[in-house]
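Peer 1: Below you'll find the structure I mean.
Derivation of every value follows stated rules applied to the coordinates shown; laboratory data play no part. The model shown is predicted, which means the values in this text are computed figures rather than measured ones. Note: ideal-geometry Cβ built from the backbone for every residue, glycine included; neighbour counts use all protein chains shown.
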Amino acid sequence: MLPKVSVIILNYNGVEDTLRCLKSLKNVNYSNFEVIVLDNGSSGDDSKILKDFSGLCEGKYRFIDNEKNLGFAGGCNRGIELVLKEGKSEYIYLLNNDTEVDSEFLIEAVKVALQAKKIGIVASKSLYFDNRNIVESAGLSLLNCGDMISRGRGKSKEKFNKDEELLGVCGAAMLIKCEVLREIGMFDEDYFLYSEDSDLSLRSVYFGWKCFFAHKSLIYHKVSATTSKSRGYDMSVRAQYNIFRAYFTNVPFFVFLLNLPFILIYWLFVPVFSFLFLRWKVTKVFCTAQYMFFKNLGKMMRKRNAFSKMKRFKSLHFWLLQRNFLPVYFRYFVGIVLRGRKSVLE
């Protein structure tokens, strides 16, 4: 019998997208799953509409009203808590509300998860909603400068046609073994929004679990349909700061030392070149995030020390799974600085 999967979808002022996502789940070729939708304190009638939704089979759909905005981390955690407490599901699949799914997305993700006992988190292949031949995310790549980026973004889907081990999985399309969450904990709610998925992925690796990419598990993502409505300066600072702390908190000390020269180059390169090329907002966001990092360094050190007792992996293996940041940031330099494309920090 197929393991039971609880699909968790978080809604925040995006009921139309959520309903389309739910309708696509009606055609999923997987017999043993349920859908739990949580509303994160939406301002309109989202909660009532989703509570009354009856488009899925009896017993497969449940609704939870969080009543206030708990962020992605806290919002999803309320659903995860319920699933873990009930103990009926072996896996949880976190799915963004601004997605639609392929009918085989769930069975293909579960197939990869069942390949080995220590595969704890699986990434689906996320394609752009409006161009389904182009990759939005094939998991996450950890760069040796400390950044975490969407793997394969903008490339042809045909270039990512094998299942392989990763260091990170995007929370928009993430299958998680419930055993992993019981052992390592849920999302860190201090992140609120952005990089909570990086933190959870790296934490799972630290505890000896593996993250894998399932190339036949397909979803179609509109990308930031919710967050783009509210992202401003403070949110950009939080996003950058969260990247810094997810890396520092979870990367083994040996790897951190080897990467230190690249980290320093990255920390100097971004603000200096942004300043020289008059991208004032990027400079301000990056420097403010750096200030927040040092301000909270003691707290992060205590968390690192607590995790160090739980290490169950080889640092060299972790180091080998990273990517070199230079080719990536050269493309960013050409696109953002020389060609004037908007940065995610602006």
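Peer 1: Can you pull the Kirkwood radius for the range 74-219, inverse mean 1/r over Cα pairs, to one decimal in Å?
Peer 2: 15.2
Peer 1: Among the listed pairs 4/48; 117/216; 125/210; 210/342; 118/311, which have their C-alpha atoms separated by more than 24 angstrom in this model?
Peer 2: Beyond 24 Å between Cα atoms: 4/48; 210/342.
Peer 1: Relative contact order (percent) for the chain, with alpha-carbon contacts under 8 angstrom and 6 or more residues of separation?
Peer 2: The normalised contact order for the chain reaches 18 percent.
Peer 1: How big is the Cα convex hull of the range 1-62 in projection, averaged over all directions, in nm²?
Peer 2: 4.0
Peer 1: Between residue 85 and residue 260, what FRET efficiency comes out of the Förster formula 1/(1 + (r/R0)^6) with R0 = 30 Å and r the beta carbon distance, rounded to 0.05?
Peer 2: Computed FRET efficiency for residue 260 and residue 85: 0.10.
Peer 1: I would also like to ask the following. Enumerate the helices in the chain for which the Kyte-Doolittle hydropathy averages -0.5 or more and the C-alpha atoms extend at least 20 Å along the helix's axis, using complete DSSP H runs.
Peer 2: 71-86, 233-250, 253-276, 280-295
Peer 1: In nm, what is the difference between 0.36 nm times the number of residues separating residue 54 and residue 330 and their Cα-Cα distance?
Peer 2: Roughly 94.4 nm would be gained on extension.
Peer 1: Note the full-extension length gain between residue 281 and residue 183 as 0.36 nm times their separation in residues minus their Cα-Cα distance, in nm to one decimal.
Peer 2: Contour length minus the Cα-Cα distance gives 31.3 nm.
Peer 1: Taking square-rooted eigenvalues a ≥ b ≥ c of the alpha carbon gyration tensor, is the range 233-338 rounded, prolate or oblate, where a/c under 1.5 means rounded and, failing that, a/b exceeding b/c means prolate?
Peer 2: oblate
Peer 1: Once the piece of chain linking residue 45 and residue 159 is laid out straight, how much longer is it, given 0.36 nm per residue of separation minus the C-alpha distance between them?
Peer 2: Between residue 45 and residue 159, full extension yields 36.8 nm more.
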